[in-house]
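Encoded as C-alpha cells, the structure appears first; notes follow it.
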Amino acid sequence: MDLHVGPRFADLRYPAFERHYTEFCGIGANGHLWVDGCDVVDLATRFGTPLYVVSENQLRHNYRRFRDAFRAHHPQTEILFANKCNNGLAVRHVMNQEGAGGDCFGVQELYLSLLSGCDPRKLVLNGSNKSAAEIEMAVANGVMINLDALDELDLVNAVAERLDRQVDVGIRVKLTLDALEARYGAALHGSGSIAEQARAHKWGMTPEETVAMVRRIGAEMPRLRFRELSYHLGRLSHDVGDFAAVAREMVRWAVRLREATGVVTEYLDLGGGWAFGRPEKTGPYGHDDETTPSFEQYAAAVCPAIAEECRLAGFPLPKLKIEPGRALAACSTITV
C-alpha cells in the first residue's frame, strides 16, 4: 500500500519506505516504524510510552495540499486551521509558519492561538454559547467574531464601545438545504436526511434574522463591520456534491441579503468537516476509507459551484474561508 497522492513540495524531503502509511510515516528498511526520519523504536526508548509522535512534515504537506487545491480554482481562499482538532502550541506554530489562520471555539483555543503569535486578523471566533471573556479577548485583539445568536450582536457591540475598538463580524446562517432533503450521510444527530439533521441541530440565523442584524449593524453600530456569512455542515457527509450544494445555497443567501439591504457579503466561510480517508477507515462509523474524495476533488466541486451561482445572479465572486481540522492534522500524529 502506497499512499503517495497529490503534489510533492520541493522543500520537503519525502522518504521512501518499504510500506507507506502517509507521506512521512511508514515502515523502514529495518522493519521499524519511522516518522520524519526518526525510528519510532528509538523514540520510545528515549522518551518512554505512551508517547505522541507528530510529523511536522506531514502537517506542512497536508496544509499546502489543501491550500493549493482551493487556490487552483479560487485564488482568494483563506485556510483557517480548526484548532480544536489539535491545540498544541507546536502544531499551531507550524500552521502560523505556513500562513494558516484559525477557527477558535472557546476562550482556551483563542488564547492559545494568540499566545502562539498567530495574526489576529486571520482568526475567527465561533461558537453558539460564547462567554463574556472570549468576546472581550476577541474584541481587544482584533479577531473576527461570527455571531451565533441574536443577543450576541448587542454583547459584541457593548464590548466594542467600552474598549473603543472596531470589530469585524460575520453571521452564522441556518440553511434550509432543500437540495439535500433526500441525501443521507452519517447519522450524527439522530435519524433523518442530511437536511433534516442540519435543520434540527445546526445553529444559525434565519434569513429574516440575518437581514435584521445587518440592518442594525449599518444603522446603529458604527464600531462593527459586517464581513461574512458562515455555515458548518461538519461530518454529516464526505460527498463533494453535498458540500457544493451548501456552497450554492450560501451564495443565494448572500444575494438575498444584498437585495434586502444593499450590503455585499465579502466572505463566505464554508466551515469545516471535510474528511480524510484511510484503508483502515476513519471518521463517523468508519465511513471514510480509501474511496473518500480527495482535497482536490472537494475543491473542484465547491469552487465552480460558487462561481456558477454568482454568475447566474450577477453577484461579485466572494472570498472564501475554509476551516479544516482533522483533515490536516489527524494523519500527522501517532500514539506509541
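The table for this structure:
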{"read-out": "Residue match in segment 146-165 (condition: closer than 22 Å to Val251 by Cβ, of a type in the set (D, E, K, R) and at pLDDT below 95)", "value": "yes"}
{"read-out": "Sole exception among (1) open to solvent by less than 70 Å² (accessible area, probe 1.4 Å); (2) outside any helix (DSSP H, G or I) for Ala140, by number", "value": "(2)"}
{"read-out": "Meets criteria (under 26 Å from Gly99 (Cβ atoms) and either out of contact with any Ser or Thr (no Cβ under 7 Å at 6 or more places or on another chain) or in a strand (DSSP E or B) (or both)) for Ala301", "value": "yes"}
{"read-out": "Gly277 being modelled with pLDDT under 95, at positive phi and either in contact with a Gly (Cβ under 9 Å, 6 or more places away or on another chain) or open to solvent by less than 40 Å² (accessible area, probe 1.4 Å) (or both)", "value": "no"}
{"read-out": "Some residue of segment 185-193 being open to solvent by 30 Å² or more (accessible area, probe 1.4 Å) and touching a strand residue (DSSP E or B) at 6+ places or on another chain (Cβ under 9 Å)", "value": "no"}
{"read-out": "Single residue of Thr292, Thr265 found to be in contact with a Lys or Arg (Cβ under 9 Å, 6 or more places away or on another chain), modelled with pLDDT under 95, outside any helix (DSSP H, G or I) and of a type in the set (Val, Ile, Thr)", "value": "Thr292"}
{"read-out": "Segment 84-108 residues that are among the aromatic types (Phe, Trp, Tyr), paired with ones that are in a helix (DSSP H, G or I) (beta carbon under 7 Å, 6 or more apart)", "value": "Phe105/Lys84"}
{"read-out": "Subset of segment 196-227 [open to solvent by less than 70 Å² (accessible area, probe 1.4 Å) and in contact with a Lys or Arg (Cβ under 7 Å, 6 or more places away or on another chain)]", "value": "Lys202, Gly204, Met205, Thr206, Pro207, Arg223"}
{"read-out": "Scan of segment 149-184 for residues that are part of a loop (DSSP other than H, G, I, E, B) and buried (at least 20 other Cβ atoms within 10 Å of the Cβ), ordered by number", "value": "Leu175, Leu177"}
{"read-out": "Yes/no for Glu78 being in contact with a Lys or Arg (Cβ under 7 Å, 6 or more places away or on another chain), within 30 Å of Asp269 (Cβ to Cβ) and not β-branched (Val, Ile, Thr)", "value": "yes"}
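The values are calculated or read from the model by the stated rules, or taken from the named source; none is laboratory data. The structure displayed is predicted, hence computed values, not measured ones. Because the Cβ atoms are built from the backbone with ideal geometry, glycine has one as well, and the counts that use them run over all protein chains shown. Side chains are part of the model used for accessible areas, which takes the heavy atoms of the whole protein and leaves out ligands, DNA and RNA. Shrake-Rupley method; radii C 1.70, N 1.55, O 1.52, S 1.80 Å.
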